[in-house]
1. Got a sec? Which strands (runs of 3 or more DSSP E) wholly within segment 16-79 have at least 3 residues that are touching a residue at least 24 places away in the same chain (Cβ under 8 Å)?
2. Could you tell me how many of the residues in segment 224-239 are crowded, with 16+ Cβ neighbours inside 10 Å and either closer than 20 Å to residue 257 by Cβ or at pLDDT below 95 (or both)?
3. In segment 69-85, is there at least one residue being in contact with a helix residue (DSSP H, G or I) (Cβ under 7 Å, 6 or more places away or on another chain) and over 26 Å from residue 323 (Cβ atoms)?
4. Residue 28 versus (1) surrounded by 24 or more Cβ atoms within 10 Å (Cβ to Cβ); (2) out of contact with any helix residue (DSSP H, G or I) (no Cβ under 6 Å at 6 or more places or on another chain); (3) more than 22 Å from residue 344 (Cβ to Cβ): which is the lone unmet condition?
5. Got a number for residues in segment 222-251 being part of a strand (DSSP E or B), farther than 16 Å from residue 203 by Cα and either within 22 Å of the chain's Cα centre (by Cα) or without any contact (Cβ under 8 Å) to a residue 12 or more places away in the chain (or both)?
6. Is one or more of the residues making up segment 185-204 farther than 24 Å from residue 160 by Cβ and either touching a strand residue (DSSP E or B) at 6+ places or on another chain (Cβ under 7 Å) or surrounded by fewer than 24 Cβ atoms within 10 Å (Cβ to Cβ) (or both)?
7. Any chance you could count how many residues in segment 193-211 are in a loop (DSSP other than H, G, I, E, B), at pLDDT 95 or above and over 19 Å from the mean Cα position of the chain (by Cα)?
8. Taking residue 350, is it touching a residue at least 60 places away in the same chain (Cβ under 8 Å), within 21 Å of residue 201 (Cβ to Cβ) and part of a strand (DSSP E or B)?
């Protein structure tokens, strides 16, 4: 078995060769065919999330290197444990990676992705920057045909994160009030998934705010009605005027201090901001503004197993604009993380063992 493993935070991944695992009990061994590289992999490799103002969340305890990263995984069932039901060797599946402890109240209600003692694949246990990965139970595997394997793997994080965030704003577009507008901030891998899924979920074509003009064409191809530069002079004022007082909902797929502030400023009264991205930083928001405009601010972190099942059922039936992909060999994992960190990736890079 070949893997590219994080041995030390802030250092390059190291190629490892070891005995291929033999699944036991309910475990499933998946031969990895495609693994997407997410921007959160950059933070995981660095060992922290930046909270701004000198504060950060250290990841040493939860990741505990050595660790094989990679949580957007699709491939073929290579072997199964003695107690496995529901899948067979040769089945093509995508992995739901956001696995909880299975014993706490959150896991009991189906919100495994919010568990305080997670077993997330590619984060807390070894993931898909390898040619094989062990999945603890077949219930975390989802069929993806007729989607291509490369497109399918992106649904495990990019797709699921966008889907869950969009579901949280659907109430903002219910009832009278004329034509409402949706703002999506960021046209990276997750942002592009959100843009293309908006119409799929009955939401209006989004206005997209993206500072990198080389990504504007991707946003428009994915379904954006307009793309704006949030750093341009008077951008917030122009957007508010053009939308008749602001947008009904904004989803921040970047998560920087300035993008969060732009999203808040773009909302109409009783508007909703969903904060998704993990870029880092901080901003100052007046509590009085939230009260006077009766704003709603919601955090959204990936999605539940039930949301994954519903999303994959829809994805297999309804045609979506394909996410632009960059398939490359597994051995280019370090170069991919470096390019992501520098902001030089369009769409999603897919590692191929």
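1. Values: elements: 28-37, 48-52, 55-58.
Once the strands (runs of 3 or more DSSP E) in segment 16-79 are filtered for at least 3 residues that are touching a residue at least 24 places away in the same chain (Cβ under 8 Å), what remains is 28-37, 48-52.
2. The total comes to 5.
3. Yes, segment 69-85 contains at least one residue that is in contact with a helix residue (DSSP H, G or I) (Cβ under 7 Å, 6 or more places away or on another chain) and over 26 Å from residue 323 (Cβ atoms).
4. The number of the failed condition is (2).
5. The first filter runs over segment 222-251 and keeps only residues part of a strand (DSSP E or B), leaving 226-228, 247-251.
Imposing the further condition that a residue be farther than 16 Å from residue 203 by Cα reduces the set to 227-228.
Within this subset, residues satisfying the condition of being either within 22 Å of the chain's Cα centre (by Cα) or without any contact (Cβ under 8 Å) to a residue 12 or more places away in the chain (or both) are 227.
Count: 1.
6. First, pick out the residues of segment 185-204 that are farther than 24 Å from residue 160 by Cβ: none.
No, there is no match, as no residue in segment 185-204 is farther than 24 Å from residue 160 by Cβ and either touching a strand residue (DSSP E or B) at 6+ places or on another chain (Cβ under 7 Å) or surrounded by fewer than 24 Cβ atoms within 10 Å (Cβ to Cβ) (or both).
7. We begin by selecting, within segment 193-211, every residue in a loop (DSSP other than H, G, I, E, B); these are 202-206, 210-211.
This time we only want the ones that are at pLDDT 95 or above, so: 206, 210-211.
Now narrow it down to the ones that are over 19 Å from the mean Cα position of the chain (by Cα): 211.
Residues that pass the stated criteria total 1.
8. Values: touching a residue at least 60 places away in the same chain (Cβ under 8 Å): yes; within 21 Å of residue 201 (Cβ to Cβ): no; part of a strand (DSSP E or B): yes.
In short, no.
The values are calculated or read from the model by the stated rules, or taken from the named source; none is laboratory data. Owing to the predicted nature of the structure, the values given are computational and were not obtained by experimental measurement. Please note: Cβ atoms are built from the backbone with ideal geometry, for glycine as well, and neighbour counts cover all protein chains shown.
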